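Encoded as structure tokens, the structure appears first; notes follow it.
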Amino acid sequence: MSIKFAILGILSFQPSTGYELKKIIEDSSVMYWSGNNNQIYKSLVQLLAEGLATNEVRHQESAPSKKIYTITAEGLSELRSWTLSAPEPPEFKKSFLTQLAWADRLSPDELDGLLGIYEEEVGSRLFMQQEKTRRGDAFAPKRTPRETYLWTMIEENVHSFYLSEWQWVRNLRKELQNNDAFKEVKP
């Protein structure tokens, strides 16, 4: 996903500063993006150049001026077109699975340690997702009942992913620990 569409989506909900956009994207479990902060600002410059967003400088007495970005009618049209485009299939390639594919060379304790670290990380993310949902901290526009439902289902999807992954790694560890045939290590 291009950061451009995450930004347009947020701006369709509320005018925002670059910093506010960065925080929403950074804190989001939904808006996957692996870039750096400069890309947000570069994307904003591009959106302005393409006429998909505008900005207004707001002066403040006791703080630096703010640039508030707002989506344009052309930006809304671009966001709508992207939303109607064919969705990308889910990505199942995970670096951990590649790492695990070659883990037969590890001792049983080393393998259990690797799986334990992964279990802890996934469990932590599951807990953080549950807490975000419980506290209502997740960014989720709720302008209509349907939008509220869609964002609730998005949160449920993220939660179910982490729960499934956590259960999977726990079951894997248990089976490896309880089956003597798995305790042999190849030279």
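The values are calculated or read from the model by the stated rules, or taken from the named source; none is laboratory data. Owing to the predicted nature of the structure, the values given are computational and were not obtained by experimental measurement. Glycine also receives a Cβ, built like all others from the backbone with ideal geometry; neighbour counts cover every protein chain displayed.
Could you identify the single residue in Thr72, Thr54 that is in contact with a helix residue (DSSP H, G or I) (Cβ under 8 Å, 6 or more places away or on another chain) and among the β-branched types (Val, Ile, Thr)?
The match here is Thr54.
Would you please list the contacts, defined by Cβ atoms under 6 Å and residues six or more apart or on different chains, that run from a residue in segment 79-98 that is under 20 Å from Ala53 (Cβ atoms) to a residue that is modelled with pLDDT of 85 or more and exposed (fewer than 10 other Cβ atoms within 10 Å of the Cβ)?
Within 6 Å, no pair qualifies.
Pairs only if they're at least six apart or on different chains, beta carbon under 9 angstrom, first in segment 24-53 and of a type in the set (D, E, K, R), second in a loop (DSSP other than H, G, I, E, B) and modelled with pLDDT under 95; list them, first residue then second.
Glu26/Trp33; Asp27/Asp137; Asp27/Ala138; Asp27/Phe139
Of all residues in segment 68-107, how many are under 20 Å from the mean Cα position of the chain (by Cα) and surrounded by 10 or more Cβ atoms within 10 Å (Cβ to Cβ)?
Residues that pass the stated criteria total 5.
Just one of Tyr118, Tyr162, Tyr149, Tyr69 is in contact with a Lys or Arg (Cβ under 7 Å, 6 or more places away or on another chain) and among the hydroxyl-bearing types (Ser, Thr, Tyr); which is it?
Tyr162
Which of the residues belonging to segment 140-157 are within 17 Å of Met128 (Cβ to Cβ) and touching a Ser or Thr at 6+ places or on another chain (Cβ under 9 Å)?
Hits for segment 140-157 are Ala140, Ile154, Glu155, Glu156.
Quick one: which helices (runs of 4 or more DSSP H) sit completely within segment 45-148 and have at least 2 residues that are β-branched (Val, Ile, Thr), at pLDDT 90 or above and within 30 Å of Asn179 (Cα to Cα)?
108-135
Among the residues of segment 104-151, what is the count of those that are more than 18 Å from Ser164 (Cβ to Cβ), in contact with a helix residue (DSSP H, G or I) (Cβ under 8 Å, 6 or more places away or on another chain) and aliphatic (A, V, I, L, M)?
Going through segment 104-151 one residue at a time, the tally reaches 5.
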